[in-house]
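A.B. asks: There's a structure below that I have some questions on.
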Amino acid sequence: MVGFRTTPGLVPTHPRALVWDTLSVSGPLSRTVGDAALMLSAMAGPDDRAPLSYEVDTSQFVRAVKTPSIKGWRIAWTPDLHGLIPVDEEVAQVCHDAVRVLRGLGARVTATCPDFSEVTDIVRGTRAVTMVALHADKLPGWRERMQRDLVQDIEQGLTLTATEIARSEVLRSVLWHRVRAFMATRDLLVLPTVAVPPFPVEKPYPTEIDGKPLESYFQWFYLTYGITLTGLPHVRNHLDRPACDLGAVWLHAERIARRHPDRRAPSSGGCCSPGCSCTRGGGTLGPLHSTGGHRTSDETVRLRRFAQSPAGHANRPSDPRRRVTANASAPGGQGTPWPSGRGRRHRVKLAGAQTSVTDPLVTFRSVPPGNKLSITM
């Protein structure tokens with residue numbers, strides 16, 4: 001079984017009571033990765049009734065599974081999200097064996113993980129509030145028939161102070177930036193989906209793991225919950241063993257600063273990658289430098305033309321295919337970056353030559369350190 005928890009907004013959902021909620025998302029569940037990709041291509045895309053939804057090239061999902069490879073990928077592995085909760089020994093062992101397979105496929109696997117210690121406090125201030133919004137109106141007439149834990153969640157949410165709720169949101173932001181920085185130099189974070197093997201259906205939920213008592217009814221799936229709080233996409237793959245599933249989380253370089261690169265265009269302010277000093281005002285992005293780990297050869301920089309941005313909407317030219325000019329120079333350097341539009345490629349030589357592209361989305365790949373790109377729109 002393959003399950004894919006998507007980025008908030010990728011799959012629109014309607015109707016729903018909380019249209020701005022980023023914790024609850026929809027995604028495909030299938031027998032194979034190929035089926036998941038096909039299903040996602042039918043589910044994803046914009047919907048005016050879902051304000052977080054955005055435009056996306058859905059054909060990329062199916063294309064991705066036709067040439068699978070993780071050779072050279074930088075994978076971080078953790079059995080417990082930096083000690084967030086105890087993990088059953090059988091679960092940890094099965095997942096550890098699966099990670100060996102990733103190494104055999106050419107991935108560079110390192111046992112490391114960012115700190116997730118804020119998860120408990122974040123959940124305390126966000127989950128209960130969500131339950132209040134969704135179900136508090138049912139308490140007066142249905143309390144006796146409602147699940148006991150749901151009633152407790154609602155009652156806890158009703159007692160939270162504004163300070164406690166605000167603190168949980170601040171901590172969630174702190175966690176996001178820590179994970180963002182961690183994933184900037186990694187392609188995947190691999191971990192178990194849950195910390196316990198399957199348990200009898202008559203048992204509502206585990207109350208302990210390896211003899212250590214749990215504090216709440218949802219703590220046993222904190223490994224998944226912790227990733228949910230970051231809003232990052234998460235794929236789950238059943239290992240065909242009774243013990244567990246394996247999950248993988250990824251954050252592409254272009255997602256670091258902009259949540260939806262396919263929807264949002266450059267505007268005045270910072271660059272599309274942290275640490276760059278370029279500007280976006282006046283329809284130009286200025287120089288993009290590839291030095292010291294910034295814009296490295298295995299990162300991707302995605303730039304959308306200014307004419308399609310909210311800031312440039314009023315100045316949009318009559319010609320919808322506005323020209324984008326890319327100038328590349330390489331003082332003392334060798335190599336060739338490859339900008340590519342949707343469905344076609346444009347070669348840019350590193351000797352001061354230039355090329356004009358008309359595709360809205362320009363992708364520059366393999367920019368060697370020391371080179372400089374100047375993008376004018």
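To keep it simple, each residue is scored yes or no on (1) out of contact with any Phe, Trp or Tyr (no Cβ under 8 Å at 6 or more places or on another chain); (2) assigned to a helix (DSSP H, G or I); (3) aromatic (F, W, Y); (4) surrounded by fewer than 21 Cβ atoms within 10 Å (Cβ to Cβ).
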site: L189; (1), (2), (3), (4): no, no, no, no
site: S216; (1), (2), (3), (4): yes, no, no, yes
site: G226; (1), (2), (3), (4): no, yes, no, no
site: V235; (1), (2), (3), (4): no, no, no, yes
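A.B. asks: Let me ask something else about it. What is the number of the single condition among (1) free of Cβ contacts under 8 Å to residues at least 24 places away in the same chain; (2) in contact with a helix residue (DSSP H, G or I) (Cβ under 6 Å, 6 or more places away or on another chain); (3) not hydroxyl-bearing (S, T, Y) that K138 does not meet?
C.D. replies: Here K138 meets the rest and fails (2).
A.B. asks: Hey, another quick one. For G72, work out the one condition from (1) assigned to a loop (DSSP other than H, G, I, E, B); (2) surrounded by fewer than 20 Cβ atoms within 10 Å (Cβ to Cβ); (3) touching a helix residue (DSSP H, G or I) at 6+ places or on another chain (Cβ under 9 Å) it doesn't fulfil.
C.D. replies: Every condition holds for G72 apart from (3).
A.B. asks: Return the total of residues in segment 1-21 being touching a helix residue (DSSP H, G or I) at 6+ places or on another chain (Cβ under 9 Å) and more than 16 Å from G45 (Cα to Cα).
C.D. replies: Selection size over segment 1-21: 5.
A.B. asks: Sticking with this one: Counting only residues that are among the hydroxyl-bearing types (S, T, Y) and exposed (fewer than 14 other Cβ atoms within 10 Å of the Cβ), how many does segment 124-161 have?
C.D. replies: Total satisfying the criteria: 2.
A.B. asks: A follow-up question, please. Specify which of the listed residues (V87, V62, V56) is in a loop (DSSP other than H, G, I, E, B) and outside the structural domain of Y205 (by TED's automatic domain parsing).
C.D. replies: V56
A.B. asks: Which residues, taken from segment 198-227, are under 12 Å from L81 (Cβ atoms) and either free of Cβ contacts under 8 Å to residues at least 24 places away in the same chain or β-branched (V, I, T) (or both)?
C.D. replies: Scanning segment 198-227 gives T224, I227.
A.B. asks: Pairs needed: first member in segment 28-56, of a type in the set (V, I, T); second member anywhere, assigned to a strand (DSSP E or B); C-beta distance under 8 Å; at least 6 residues apart or different chains.
C.D. replies: Short answer, once both residue conditions are applied: T32/V2; V33/V2; V33/N237.
A.B. asks: Here is a check on your reading of the model: is G27 farther than 21 Å from V179 by Cβ, buried (at least 16 other Cβ atoms within 10 Å of the Cβ), at pLDDT 95 or above and out of contact with any Asp or Glu (no Cβ under 6 Å at 6 or more places or on another chain)?
C.D. replies: no
A.B. asks: Right, another one. Please give the number of the condition D97 fails out of (1) more than 18 Å from I227 (Cα to Cα); (2) in a loop (DSSP other than H, G, I, E, B).
C.D. replies: Every condition holds for D97 apart from (2).
A.B. asks: Give V56, V119, V11, V99 a once-over and let me know the one that is closer than 21 Å to M183 by Cβ, among the β-branched types (V, I, T) and within 17 Å of the chain's Cα centre (by Cα).
C.D. replies: Of the residues listed, the single one that is closer than 21 Å to M183 by Cβ, among the β-branched types (V, I, T) and within 17 Å of the chain's Cα centre (by Cα) is V56.
A.B. asks: From (1) part of a loop (DSSP other than H, G, I, E, B); (2) over 21 Å from S24 (Cβ atoms); (3) within 24 Å of the chain's Cα centre (by Cα), pick out the condition that doesn't hold for R180.
C.D. replies: That leaves (1) as the condition not met.
A.B. asks: Check P114 against each of (1) in a helix (DSSP H, G or I); (2) at pLDDT 95 or above and name the one condition it does not meet.
C.D. replies: Against the list (1) in a helix (DSSP H, G or I); (2) at pLDDT 95 or above, P114 comes up short only on (1).
A.B. asks: Please verify whether L40 is in contact with a Ser or Thr (Cβ under 8 Å, 6 or more places away or on another chain) and in a loop (DSSP other than H, G, I, E, B), treating the condition exactly as stated.
C.D. replies: For L40, the condition - in contact with a Ser or Thr (Cβ under 8 Å, 6 or more places away or on another chain) and in a loop (DSSP other than H, G, I, E, B) - is not met.
The values are calculated or read from the model by the stated rules, or taken from the named source; none is laboratory data. These numbers come from a predicted model, not from an experiment. Ideal geometry is used to build each Cβ from the backbone, glycine not excepted, and the neighbour counts take in all protein chains shown.
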